Amino acid sequence: ALIRNDQGSILMIHVPEWGHNPAHWDLPGGRMDAGEEFLETLIRELVEEIGVPYIDKPMQIMGMLTNITIPVGDDLLPLVFMIYEVKVADVSKIKLSEDTRENNMWWFLPQEAAKLMSIKFSPEFCELVSQL
């Protein structure tokens, strides 16, 4: 989820090193559960990670295949992202869940956020974010 505050900054969460993936800044979100649809996953993940659901209808920004892989059984599978810009009712209520592996969150200006995203997101998406 791409969430912006009233100043136009973008919320990012810090993911510590895990498995074979380095520590990095990321957008809030997560994996789909079996049988879930994209928007169901989006609602669940926002509540799980930052404690708030989105309001209004999310706007899909982009779908992309990433250069990050995750272990599934004996295989490493690439992640596919569906990215939505979403609005939350009150950004002051956002806080990291105690149950999440993410260890920090911060609001970054779009150009800063785009640079931090480049470890995981496509150059096309990073360019789009830098222009927000």
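The values are calculated or read from the model by the stated rules, or taken from the named source; none is laboratory data. Please read all numbers here as calculations on a predicted model, not as lab measurements. Neighbour counts run over all protein chains shown; Cβ positions are idealised from the backbone, glycine included. In case anyone asks, the SASA skips ligands and DNA or RNA and just uses the protein heavy atoms, side chains included. Shrake-Rupley method; radii C 1.70, N 1.55, O 1.52, S 1.80 Å.
Tabulated values for the structure
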{"item": "Phi to ³J(HN,Hα) by Karplus 6.51 cos²θ - 1.76 cosθ + 1.60 over the range 97-102, Hz, x for Gly, Pro", "result": "5, 5, 8, 9, 7, 4"}
{"item": "Most fluctuating residue given options L76, L96, L116, as computed from a GNM of the chain linking Cα atoms under 10 Å", "result": "L76"}
{"item": "Table column - 3J(HN,Hα) (Hz), the range 78-83, Karplus curve with 6.51, -1.76, 1.60, x for Gly and Pro", "result": "x, 8, 10, 9, 10, 10"}
{"item": "Label point distance in nm, N103-H20, each placed 7 Å from Cα along Cα→Cβ", "result": "2.2"}
{"item": "Full-stretch length increase - L65, Q7 - with 0.36 nm per residue and alpha-carbon distance subtracted", "result": "17.9 nm"}
{"item": "Residue among M64, M117, M105 with the largest mean-square fluctuation in a Gaussian network model of the chain, springs linking Cα atoms under 10 Å", "result": "M64"}
{"item": "Sulfur and carbon atoms: percent of accessible area, the range 10-127 [1.4 Å]", "result": "55"}
{"item": "Accessible solvent surface per residue of the chain, calculated while the other protein chains remain in place, 1.4 angstrom probe, Å²", "result": "59"}
{"item": "Solvent-free Debye scattering, log10 I(q)/I(0), computed from the Cα coordinates of the chain at q = 0.09, 0.17, 0.20 Å⁻¹", "result": "-0.24, -0.93, -1.36"}
{"item": "For a label point 7 Å along the Cα-to-beta-carbon line of D56, residues of the range 1-37 with backbone N under 16 Å", "result": "1-11"}
{"item": "Three-way shape call for the range 62-132 based on the alpha-carbon gyration tensor, with the a/c threshold at 1.5", "result": "oblate"}
{"item": "Relative contact order computed over the chain (Cα-Cα under 8 Å; 6+ residues apart), in percent", "result": "30"}
{"item": "Other-chain or far-sequence residues with amide H under 5 Å of I61's (modelled H)", "result": "I83, Y84, E85"}
{"item": "Contour minus Cα-Cα distance for I43 and L132 (0.36 nm per residue)", "result": "29.7 nm"}
{"item": "4 °C / 1.567 mPa s Stokes-Einstein diffusion coefficient of the range 27-96, Kirkwood radius on C-alpha pairs, µm²/s", "result": "98"}
{"item": "The chain: most fluctuating residue of D90, D33, D74 per GNM, C-alpha cutoff 10 Å", "result": "D74"}
